[in-house]
Amino acid sequence: MQQVNDSGLVKLSSYIDGQWTDGQSGSQLSGDSERFDVINPANDQVVAQVYNAGIAETEAAVLAAKKALPAWSKKSANERAAILRNWFNLMMQSQDDLGRILTLEQGKPLAEAKGEIAYGAAFIDWFAEEGKRVYGDTIPAPAGDKRIIVIKQPVGVVASITPWNFPNAMIARKAAAALAAGCTFVVRPSPSTPLSALAMAELAERAGVPAGVFNVVVGLDSSGMGKVLTQHPDVAKFTFTGSTAVGKILMTQTATTVKKVSMELGGNAPFIVFDDADIDAAVQGALVSKYRNAGQTCVCTNRILVQQGVAQEFTDKFATAVAGLKIGDGLAEGVNLGPMITSQAVDGVHKLVEDTVAAGAKVIAGGKRSIAGKNFYEPTILTGVTNDMPLAANEIFGPVTPIISFDTEEEAITLANDTEYGLAAYFYSRDIGRVWRVGEGLEYGMIGINEGIISNAAAPFGGVKQSGNGREGSKYGLDDYMEIKYLCMGGIDK
Ligand code: SIN
């Protein structure tokens, strides 16, 4: 991989118990020597061939995490923070290489990929510090000879499955919190984007993360590996980022051993533009929210709702801004819209566009595959959409914007909430009363008010309804990796 300066970051096998499982470092785990291709979605070329781990390796990773747990959980928060801080520093020092690896396997433009590295690293920085603030409680007891004390303890071995759309940050957001809490961690990244996860493991090792504390298993057997991670009796907590449909299956599987679970699932984010909005700001907010990562983001705008009085002005300005996007290979200069992950994903999005046009909507930009390559789709805008049309009713996960118009604030809130999802929502308004009413009325876990990009390490990321449960990042993010233990002390009176 010529584009990467530090070739030691390009790893081609799972990382289990501090060993690379290709036999190069003495590991005995390379039972399955078959490899699979990692494909660059910009040109369909093979970026690397990675050893295909399976059920046996996943079980070994869980056992390694179990073995490492006592020593890691007994370290002080300061000791863990020092190691996490090393990891953060190394990731930032390697930001350019990690960004290139990410663009090569995922497709997003390099500037965005490097932004993701900084975003992911920020969770490691954040939780290194936050781990020092895991406070307990004392509670007045109902009887004078008793004392009630509450302590928090790491939940244990954490298993996770992470998606291809943020191959670094979705791992960092989970692993940082888990490790800071004193848990050990196993991740199965998407087999479409294993290289970013393996590079993180290399840097974790360089940072001094002990063997078994952070394990990465890469393989194609999603069902078999998923069952180990969701059902193994030694896994205490399971965490997943991905689609709602898959999340439901995994959640059901975790029930057999009653695991603690957190889920970051799909979204159908409304982006509401009221007639009192700063229209230029709303256009910029919608552009970054919708077309970041070619629209392949759970929190990205899925449908724009615009009030009648400003609908034409907003639509014209938005179309002009979208026309300025440069589509192409994410490593090429000036590109800000990369490929979609596969041609099947392109087909799925195109079908939604066709079905929405058949239902009466009008394409005013794009609406077809791009000449840039078979995994590219033109940035697309449709008007005359209603909330029941396919593009508004489904999570699009592509660079397509349906625009719906509305008359009143109440109508906007009703339309926005008319979905099973509840991850992120956005609205633009300068009216302070409206800001409160709409902010409180939207049934979503995260709301951007006059803001199109809301994700950061200090804020609680997560959804309501069928968008999942639990929160990642922020001071709340550690709670998902900790158990509350109540100590009742009696016999105090003489
Ligand atoms: C996601 O798509 O689930 C993650 C997006 C983000 O963290 O901003």
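Miscellaneous remarks
- Dimensions of the stretch 292-365 based on its C-alpha atoms, expressed as ranges along the principal axes with the largest first, amount to 41, 28, 22 Å.
- Normalised contact order of the chain, rounded percent, pairs of Cα under 8 Å and 6 or more residues apart: 18 percent
- Where only alpha carbons of the stretch 269-460 are counted, the Rg and the Dmax (Å): 15.7, 47
- Antiparallel %, DSSP beta bridges [both residues in the chain], to 5: 40 percent
- With contacts taken as Cα pairs under 8 Å at a separation of at least 6 residues, the stretch 250-331 carries a relative contact order of 34 percent.
- For the chain, the spread of Cα positions along each principal axis, largest first, Å: 75, 63, 39
- Take each peptide in 454-467, 357-370, count the other Cβ atoms within 10 Å of every residue, and average; sorted highest first, the result is 454-467, 357-370.
- Helix-only CD estimate at 222 nm, as mean residue ellipticity for the chain, using -39500 (n - 2.57) per DSSP H run (n ≥ 4): -12000 deg cm²/dmol
- Look at the dipole of the chain built from charges on Cβ: of L104, S190, I449, the Cα furthest out on the positive end belongs to S190.
- Simple rule: put +1 on each Lys or Arg Cβ and -1 on each Asp or Glu Cβ in the chain, find the dipole, and look at Q153, A128, Y421; the Cα lying farthest toward the positive end is Q153.
- Across the options A199, N165, F36, the greatest Cα extent toward the positive end of the charge dipole of the chain (unit charges at beta carbon of Lys, Arg, Asp, Glu) belongs to A199.
- Principal-axis analysis of the Cα atoms of the chain puts helix 279-291 at an angle of about 60° to the longest axis.
- Against the main long axis of the alpha-carbon atoms of the chain, helix 432-441 sits at an angle near 60°.
- R0 of 60 Å, Cβ-Cβ distance T257-Q308: FRET efficiency to nearest 0.05: 0.65
- Charged side chains reduced to their Cβ positions (Lys and Arg at +1, Asp and Glu at -1) give the chain a dipole of some 1440 debye around its Cα centre.
- Simple point charges give the picture: +1 on the Cβ of Lys and Arg, -1 on the Cβ of Asp and Glu, and for the stretch 225-309 a dipole about the Cα centre of about 620 debye.
- Normalised by residue number, the volume inside the convex hull of the Cα atoms of the stretch 49-132 is 111 Å³ per residue.
- Principal-axis tilt of helix 77-93 within the chain, Cα atoms, nearest 10 degrees: 40 degrees
- Contact order relative to length of the stretch 269-460, as percent, for alpha carbon pairs under 8 angstrom and 6 or more apart: 28 percent
- The stretch 367-494 - charge dipole about Cα centre, Lys and Arg +1 at Cβ, Asp and Glu -1, debye rounded to 20: 500 debye
Bear in mind these aren't lab numbers, they're just calculated from the coordinates by the rules spelled out. Just so you know, these numbers come straight off a predicted model, no measurement behind them. Positions of Cβ are generated from backbone atoms using ideal geometry, with glycine treated the same way; all protein chains shown enter the neighbour counts.
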